[in-house]
Amino acid sequence: MANESMRSQGVSLDRRGFLGLGAAAVAATVGTGQAAQAGASPAVTPPMGKRILLSCKLGMIAKEVEGKKLTIAERLRMAGDAGFDGVDFDEAGSFTPEQARDAVRESGVFVHNAINHAHWSQRLTSAKQEERDQGRKNIEHCIRVSHAAGGSGVLIVLGRGNDGPEEEIEERARQEMKKMLPLAASLGQMILIENVWNQMMYDHDKGPEQTPERFIKFVDSFNSPWVGMYYDVGNHWKYGQPGDWIRAFGRRCVKMDAKGYSRAKNNWTELTGPDDDLPWADVRKALDEINFSGWATAEVGGGDVKRLTTVREQMQKAFLG
């Protein structure tokens, strides 16, 4: 999620394998007969056998080419043409679950996640209950969109640190998330917290060698298999060592976002470009150490298939070496 200034199938599957494939893949594995009887299209699945799957945000994909407006399916297909294994549906608030499902089936491109950008304005940490209610409804919509598309989770931003005292705003967010867990569990969707520049669970104006302990404490407070981290590697390179954060998160690190950042220049930069001083080698080492299997999603400037292909190559360099 951008900060405000940016943006063989087998019947037996372990939990991480389930999350990597998504609900649709499981349906394809164990419910093919039922789907056929209902006249449903076969489920779309990502490539099999990959430990780390690469995706981009839907919002990175051009909405028109040479003056022609593109359908969602056409945009998803561009990601596939660029070599991505799937897409993170970060415009979920603009579409119905049925539209997302139909676009996946038409394009043949897997969608692994959903996001609603309205979380900056309709926050789970807001002092106003009506705003928290709407924020919760937005996330519940995303849960349904991800499920319909075949994904396995939703990315959320909890809110803003300036919504009140730390313990108070965290408790507001915690209570709203608890209300969503029955829906998330029933549809097989994880609620995944992203680390962003929102002045929550880190010290925004302090030094660079911070730890993720506050994030871990918050996630663990739910004691639920349906809550985890969507760790943005670039967002907190300014504040801590990404390899160490990954090691500390361990199983809690379910999915990842990636963008380039320069500590030396204190600014965003091209992913794996000459100014990107993120320690990608240690990121890869840490992912090996925690036995990470799952999705890594680019969150950078996008465009047409040529630009998306460049980003996919950058992601391969970052995560696969």
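Using beta carbons and a limit of 6 Å, which pairs, at least six apart or on different chains, have the first residue in region 43-68 and under 18 Å from M315 (Cβ atoms) and the second one among the hydroxyl-bearing types (S, T, Y)?
Within 6 Å, the pairs are R51/S293; S55/T297.
Search region 308-321 for residues that are of a type in the set (S, T, N, Q) and pair each with any residue that is outside any loop (DSSP other than H, G, I, E, B) when their beta-carbon atoms are under 7 Å apart and the residues are at least 6 apart or on different chains.
Matching pairs, first to second residue: Q316/L54.
L155 fails exactly one of the following numbered conditions: (1) in a strand (DSSP E or B); (2) modelled with pLDDT under 95. What is the number of that condition?
Condition not satisfied by L155: (2).
Taking Q241, is it modelled with pLDDT of 95 or more and in contact with a Gly (Cβ under 9 Å, 6 or more places away or on another chain)? Let's see the steps before the verdict.
On the way: modelled with pLDDT of 95 or more: yes; in contact with a Gly (Cβ under 9 Å, 6 or more places away or on another chain): no.
In short, no.
All but one of (1) in a helix (DSSP H, G or I); (2) surrounded by fewer than 24 Cβ atoms within 10 Å (Cβ to Cβ) hold for H147; which doesn't?
It is condition (2) that H147 fails.
Which one of these is within 26 Å of G188 (Cα to Cα) and surrounded by fewer than 24 Cβ atoms within 10 Å (Cβ to Cβ): E140, E167, E130?
Numbers: E167 fails: within 26 Å of G188 (Cα to Cα); E130 fails: within 26 Å of G188 (Cα to Cα).
Every option except E140 fails the conditions.
Quick one: which of V65, V44, V111 is β-branched (V, I, T), modelled with pLDDT under 95 and touching an Asp or Glu at 6+ places or on another chain (Cβ under 9 Å)? Give the derivation first.
Numbers: V44 fails: touching an Asp or Glu at 6+ places or on another chain (Cβ under 9 Å); V111 fails: modelled with pLDDT under 95.
It is V65.
Do we have A173 as in a helix (DSSP H, G or I) and either among the aliphatic types (A, V, I, L, M) or buried (at least 18 other Cβ atoms within 10 Å of the Cβ) (or both) here? Outline the logic, then answer.
Working: in a helix (DSSP H, G or I): yes; either among the aliphatic types (A, V, I, L, M) or buried (at least 18 other Cβ atoms within 10 Å of the Cβ) (or both): yes.
Considered against the rule, which asks whether it is in a helix (DSSP H, G or I) and either among the aliphatic types (A, V, I, L, M) or buried (at least 18 other Cβ atoms within 10 Å of the Cβ) (or both), A173 comes out as yes.
So which of G93, G159, G164, G151 ends up being in contact with a Leu (Cβ under 7 Å, 6 or more places away or on another chain) and not hydrophobic (A, V, I, L, M, F, W, C)?
Details: G93 fails: in contact with a Leu (Cβ under 7 Å, 6 or more places away or on another chain); G164 fails: in contact with a Leu (Cβ under 7 Å, 6 or more places away or on another chain); G151 fails: in contact with a Leu (Cβ under 7 Å, 6 or more places away or on another chain).
One residue alone meets the criteria, G159.
Identify all residues within region 155-181 that are over 20 Å from the mean Cα position of the chain (by Cα) and farther than 23 Å from G234 by Cα; write none if there are none.
Let us first name the residues in region 155-181 that are over 20 Å from the mean Cα position of the chain (by Cα), namely 161-172, 175, 179.
If the condition is that a residue be over 20 Å from the mean Cα position of the chain (by Cα) and farther than 23 Å from G234 by Cα, then D163, G164, P165, E166, E167, E168, I169, E170, E171, R172, Q175, K179 are the ones that fit.
Out of the residues in region 191-209 that are crowded, with 18+ Cβ neighbours inside 10 Å and polar (S, T, N, Q), state the one that is farthest from S126 (Cα to Cα).
N195
The values are calculated or read from the model by the stated rules, or taken from the named source; none is laboratory data. What you see is a predicted model, and the numbers here were worked out from it, not measured in a lab. Please note: Cβ atoms are built from the backbone with ideal geometry, for glycine as well, and neighbour counts cover all protein chains shown.
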